[in-house]
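One structure is given below, encoded as structure tokens.
Please treat every number below as a calculation from the coordinates, not as lab data. Every value quoted in this text rests on a predicted model; they were computed, and no experiment measured them. Note that each Cβ is placed from the backbone with ideal geometry, even for glycine, and that neighbours are counted across all protein chains shown.
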Amino acid sequence: MSNRQETPLLSPSLLGRLERMELVSRKVFRGRMKGERKSKRKGQSVEFHDFRNYVPGDDLRLIDWNLYARLDQLFLKLFQEEEDLHFYALIDASESMNFGTPTKLHVAKQLAAALGYVGLCRADRVSVQALGPMGRQAPVLRGRASLWKMLNYLDLVESGHNVSLFDGVKDFSLRNSGTGVAVLISDLMDKQGYESALRMLIGRRMDVFVMHVLSPEEIDPPIRGDRRLIDVEDGDSAEITLNNYALQKYQETVSSFIGSTKTFCAKRSIAYVPVRTETPVETIVTKYLRERGVVR
Amino acid sequence: MNLLPSLSNPLAWTLLALVPAGIIVLYFLKLKREPVEVPSTYLWSKTIEDLHVNSLLQRLRRSLLLLLQLLAVFIAVIALLRPGFRGQTAGQERTVFLIDNSASMQTVDRNETASRFENAKRLILARIEAMSDTDSAMVIAFNDRAETVQSFTTDRGRLRDSLKRVAITNHSTDILGALKAAAGLANPRRSSEIADVKDIQVADAKPADLLVYSDGGFQTVTEFSLGNLKADYVAMGSSEVNNLAITAFSTERNTERQSEVQAFATIENFGQSTISTTATLTMNGLFLDAEAIEIEPGEQTGLSFIIETEEAASLTLTLDHEDDLEIDNVAYTGLSPLRNVSILVITPGNTPLKVGLETEKTAKICTNSFFPPSYMQTDDYKKRAQDGIDDLIIYDACSPAEMPATNTFFIGSLPPATATEDSTKARFSGNQGAAEGTNAADSGSTATPDVQGATDPNATNSNATPADNPLAKEQNWRWSSPESSVMLIDIERTHPLMRYLELFSLLIFSGRGVEGPPGTVELVGADVGSILAIAPRDGFQDMVLGFEIVSRNSDGDAETNTNWYAERSWPVFLLNVLRHLAGAADATGAPSYRPGETVRVRLESKISNPSVKRIGGSPINITPGPAGSLEIIDTEIPGNYRVESDTKLADLFAINLFDPQESAIAAVKQIDIGYESLTSEDGSIEQRQELWRWALLAMLGLIAAEWCVYSRRVA
């Protein structure tokens, strides 16, 4: 089932196109360092923000002397501060992601690398990490030169760490207290449910994006007959006679699952992006993600 | 060949019903499911939960494989129920099988190994096997009587069993009774006249096919209408036959020579070719005679054998010729034994008579009772005389008041007058005289009144009407001459009573000639007229001797009147009297009856515990009915039958086919029933070849193999 990476995570052509993109944050966050993003802070950018009365102690360089000439009062001219953006790409590396051709995990890593590279190019604070133990080793990257670090980390990420979404997100939240854009790349097939995990991200005031990765084999299983289905994560089994009716019921269940996820995300301002693994990453990033407002 | 069980068995139905149920159970209990790894059973579980709601129906609805298998099994079950149609043009759903089990059906035709009867059973069995489940049939066996072996039923097993029970008989054939039995339901009787418009039938007519399996050896049925019966005739056997039959065989003693027995046989050729053979006669199992015969087809010939025997004998005539029907090649007959007769002697005392009746030879055939004339006044005598218990009553020098109901022999006396009603009174008065005479004789006086009366009837019977009536006079015995010495002139030697007698040396001191009623035969003629004569009387015979053997003098002492008792002819004469007047010897042979006929034999009441035995068979004890009659019903097998009592032969009879209709074994190709003529048809039917059963078995095997292969592939 597992398909080792036949294709590189990022192709050179994709890198060229990604360099011209930037991550879109629907919220304005306070950054940690000087960057290219608007910040809630007032700073020294060229973009005017407001005036306020001078109080003793203010930097005299900020006094608007033209206003003082006209009004004979001292006003300070405030500018918008520009800071960096915290971008987190959370990869579900559970065993269920190791499914499909190419595997969902591989597609997830490609997406994470592409989005991470976009962030690196825009001097954002990028952290691409897998949920679970591997997340602790994830580096926090800045600058385009950190691309290789990111790719090296992603290469190390493998399936097998069966951590539930909630546990993984919780662990991530404990380690990262800041806000920013969080992209959860997962198949959301967690028997404990994905809702609590997403709620936790929202509770951390993150701008959450969900990339729901599904393989065609999951949407339209090619198996028929009397089968015993074995869950690769927990070994659970289910006996079923797969005929057209059963498959139809399954597909109805999948559609219902996707629909309920969309509804859940929409209610909570979470951008939901369905991803089919057979779709090339270039198409996903340059077309779908742009359409959904993840990048521009 | 019936390797598959009959579906009439409930167990077979149960097994068939279990086949589809078993497939369904195996389908669901199938353990081998192919394990498949899926990323998560999260969504599958939800699907399975939905499926569980109506999983059974959904599986059945969506599983094409299971449906196909169930369909195949359903077709197999339907096929095992033998759907289809008969290859013949069947009429109604009701069939009546008439099977002829008469003697002629024992015929084994040329080029056949089984008898006609067995072939008929085989054909009927094939018909029964070809019946559908809704068809019903009945079986009637007929010979000279009809027997409904099985009434209408759809159960082929019962029909088969009933057919097995039908056995061949030696009887003749009469189909009318069987036809009436067959028409019972097809042609219900009307409750009133046919022309009556208000008539309502008592039952609905149920038309039926009538199949007659016979060789046609029966008389044309004219007084029968087939009505709703659609009759077909299946002729059993061929018209090219070979049969020589004895159609008659009897014996008769020569009335002139009792020891000479003549046996007559009629032999007829019912075949199509001339037959030369020999007929062998055996007596009591010993070869006696043989005669060569040659008979043209359709002709008959007579055979006669002369045998010398005085004893009872069993004769068997056998044709030394092997033909198609064996039962008519042997015929049986018997010579009746000398009967044991009962003699009542009324005599005042007659030693020569007593000695003559108690010789060794007469003692074998008679039982004597001696009584004085006074015995005639007792009720015992009257009862004996009235009932005819005795075979012969000898009145020695006396006469009864009324003639007994049996044969009589009067010695030196005349029978009483019996004629018209008017003469009855006179006879009584004469009887009184006779009684007086007997009383006188009893008391030692000479019996003269009768003699006197006979000499002068007008004088002795002054008030007697019979004497005045010439007609009555001619019808009574009377003396024809006065008493005088007698010289014998002529003897009727041809009469059985006079056989072996030499009487001309007799001396008779005193005697009278006798004249009897019309029909009187003179046995011994003398110079005084008939001295011994015999005359019939209402089925009996009366013999009168014109002289006494022992007479009485005036003192009442006995005197010899003749020297006959000292002659050799005396006991011989008495023996002849016992044989032919008392009936100890029967001139005819033993009677012959048809097989199955009830034989009635009248025995002497003295015989107790009689048993009937066919020669070569085992004896059967039979309790005689009133008046010593026996009814013997176990007469199926031809042969000589002996009725014995304590190893003593009491009677004989024979059972023979003697039926030219049965011996004419050429199968009739057309029979007439009522106004319809039935032409023989081929009794065989287009029997289906049951190969489809094997095809079905192959199909079932294929399904099983397919299932097995499929299961392994999935595993």
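Put a plus charge on the Cβ of each Lys and Arg, a minus charge on the Cβ of each Asp and Glu, and nothing anywhere else: the dipole of segment A:106-184 about its Cα centre is then about 300 debye. To the nearest 0.05, what FRET efficiency results for B:Arg110 and B:Leu700 with a Förster distance of 45 Å applied to their C-beta separation? The formula returns an efficiency of 0.45 here.
Between B:Asn368 and B:Ile343, the built amide H atoms are under 5 Å apart, and every one of these is 5 or more places off in sequence or on another chain. Given R0 = 30 Å, the distance between the Cβ atoms of B:Asp672 and B:Arg122 translates into a calculated FRET efficiency of 0.70.
Simple spin-label estimate for B:Asp320 and B:Glu299 gives 2.1 nm between the two label positions (7 Å along the Cα-to-Cβ direction from each Cα).
Between their Cα atoms, which of A:Lys109/A:Lys170; A:Lys149/A:Lys267; B:Lys361/B:Lys613; A:Lys77/A:Lys170; B:Lys180/B:Lys613 are more than 31 Å away from each other?
Table pairs above 31 Å Cα-Cα are A:Lys149/A:Lys267; A:Lys77/A:Lys170; B:Lys180/B:Lys613.
The slack in the chain from B:Lys206 to B:Ser273, taken as 0.36 nm per residue of separation less the alpha-carbon distance, amounts to 19.4 nm. Using the Cβ-Cβ distance between B:Ile637 and B:Asp380 with R0 set to 41 Å, the FRET efficiency from 1/(1 + (r/R0)^6) comes to roughly 0.35.
Straightening the chain between A:Asp72 and A:Glu291 buys 73.7 nm, computed as 0.36 nm per residue apart minus the Cα-Cα spacing. Under 19 Å from a label point set 7 Å out along the Cα-to-Cβ vector of B:Thr134, the amide N atoms of segment B:155-187 belong to B:155-156. Modelled this way, with points 7 Å down the Cα-to-C-beta line, the labels at A:Ala238 and A:Arg52 are 5.8 nm from one another. The label-point distance for B:Cys708 and A:Ser13, in a model that sets each label 7 Å from Cα toward Cβ, rounds to 5.8 nm.
Placing unit charges on the Cβ atoms of the charged side chains and taking the dipole of segment A:76-209 about its Cα centre, the candidate lying farthest along the positive direction among A:Met206, A:Val169, A:Leu90 is A:Met206.
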